Amino acid sequence: MSLIRRDLPVWIAFLVGVIILADYVFTFPGLQVASTTLTNWAVIVTAFSFGIGALNIIQRQSKIIIRRDKYWIYSVVLIIILFGTLGIGLVGSINHPYYKILFDNVMAPLNVTMSSMLAFFLASAAFRVFRAKNFESILLLIAAVFVMLQNAPIGELIWPGLPVIGDFFVTGFAAGGNRGIQIGAAIASIGFGVRILIGQEKRWFGRTE
Amino acid sequence: MIATFANPELVPLASELIKDAYVSENKLDEFKPENIQFISSRQYAFSTGLLGLFQRERIATNIMTGSFGAEALIIAEGAQIAGAFQVAGSDGTTQLPVIFAVCDYTLIGEEFFAAAAYLSDDPTPRGALRGQDLFKFGLIVFTIVGTIAMILGFNIVNYIKM
């Protein structure tokens, strides 16, 4: 149990990680073939995982329908759409006219609707954060006012120095902070990757005991 | 606990992990496999699914971690409207202002990777964190020294090349 559950995943992760990393450093033809093969496997596994995802959705929604849970009718709609789209895609292809109709008239408008709702969510979030309830909020409010006036034409009309201050916030404070966070995250992700490679990080496959 | 994912390959992995967590707490009877949910790999479909879930399940807490795009604001605001306490973490920086504005607590950049070590008693990840902190400290010193050297006219890069 321990071999399959604990040791085997560590060794697989180690071997795959070392081959992929070594391919970046060395130029052995055999290594390149192994690395490309493993990368292709990853693509295939990811493609198959969508089947697992679909299965997960079907299982969950079927239970809701069988139990007649609240809003079960939406689960029926989801299952019909899922199998309908899958059927059209399998019988025809993704270029099938019905598939295109579904995408252009259902998927695309829904995507645009959710995208446009961002404006309302943004206004709501901005209202909450700009109430200046603590020191950080006050700083955020001050920075936001200058950056907004930098981007709005009225800012330069009020005072030509306003866009300069706004630009300083963006290229100075924001860029500096951003780089600091990125460097920290990069170091942490390298550390995390090394821990997985050497088998010191075992939480990703469950219990270590 | 309901766990939702935008990557279907995470579902079996997460299912095992969460089941193990229930086993560790001797509460396996409370584990419900249907609560490990793949919603969609499309960002707006994923966020729409979560908005419905927040309202239906009347969630108390929303913990969102990972790499986010524009959907971060929709998800965080949806949870806020549902009245949930929120903790969010991301290793990227594009959505940090959004989650900082909306969520109660934020894990910024490296904190995202360090969270498990802080919560764990395991000395290995804690030691690794200490090592990372020391490395970062060295990097900061190097940056400051380099900046001062460049201001004073010493091109430090030439000395490193030697």
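Every number here is computed from the coordinates shown, using simple stated rules; none is lab data. Just so it is clear, the model here is predicted, and its values are computed rather than measured. A quick note on method: Cβ atoms are made from the backbone with ideal geometry, for glycine too, and the neighbour counts reach across all protein chains shown.
Could you give the longest part of chain A that holds none of the chymotrypsin sites (Phe, Trp or Tyr not before Pro) found in DSSP loops with at most 16 neighbouring Cβ atoms within 10 Å?
A:131-209
I want the local charge near B:Lys136. Using Cβ-Cβ distances under 14 Å, sum +1 for each Lys or Arg and -1 for each Asp or Glu among the other residues.
-1
Sticking with the crude label model, points 7 Å out along Cα→Cβ, report the distance from B:Gln55 to A:Ile154 in nm, one decimal please.
3.4
For the Cα atoms of chain B, what angle does the longest principal axis make with the long axis of helix B:71-81, in degrees from 0 to 90, nearest 10?
Once rounded, the angle reads 60 degrees.
Students often forget the sequence filter, so: which lysines lie under 27 Å Cα-Cα from A:Lys100 once same-chain residues fewer than 8 apart are removed?
A:Lys100 reaches no qualifying lysines.
So, R0 is 25 Å and r is the distance between the beta-carbons of A:Val194 and B:Met1; what FRET efficiency does that work out to, to 0.05?
It comes to 0.25.
Which is the longest run of chain B containing none of the trypsin sites (Lys or Arg not before Pro) found in DSSP loop states (not H, G, I, E, B) with at most 12 other C-beta atoms within 10 Å?
The reported range is B:59-162.
Under 5 Å between amide hydrogens, which residues at least 5 positions from B:Asp91 or on another chain qualify, with H placed 1.01 Å from N in the peptide plane?
Those lying under 5 Å, H to H, from B:Asp91 are B:Gly66.
If the cut-off is a Cα-Cα distance under 15 Å, which aspartates and glutamates reach A:Lys133, setting aside same-chain residues fewer than 8 apart in sequence?
A:Lys133 reaches B:Asp104.
Computed FRET efficiency, Cβ-Cβ of B:Leu119 and A:Thr171, R0 45 Å: what is it to the nearest 0.05?
That gives a FRET efficiency of 0.75.
For B:Ile36, what residues show an amide H to amide H distance below 5 Å, using hydrogens built from the backbone and excluding near sequence neighbours?
The list, which skips near neighbours in sequence, is B:Ala3.
Taking a cut-off of 22 Å between Cα atoms, list the lysines near B:Lys19, but don't count ones fewer than 8 places away on the same chain.
Here the lysines satisfying the reach criterion relative to B:Lys19 are A:Lys63, A:Lys202, B:Lys27, B:Lys32.
Would you work out the Kirkwood radius for chain A? I mean one over the mean of 1/r across all pairs of different Cα atoms, in Å.
One decimal place: 23.9 Å for the Kirkwood radius.
Through the Karplus equation 6.51 cos²θ - 1.76 cosθ + 1.60, θ set to phi - 60°, convert the phi angles of segment A:83-89 into ³J(HN,Hα) values in whole Hz; use x for Gly and Pro.
My calculation for segment A:83-89 gives 6, x, 5, 4, x, 4, x Hz in order.
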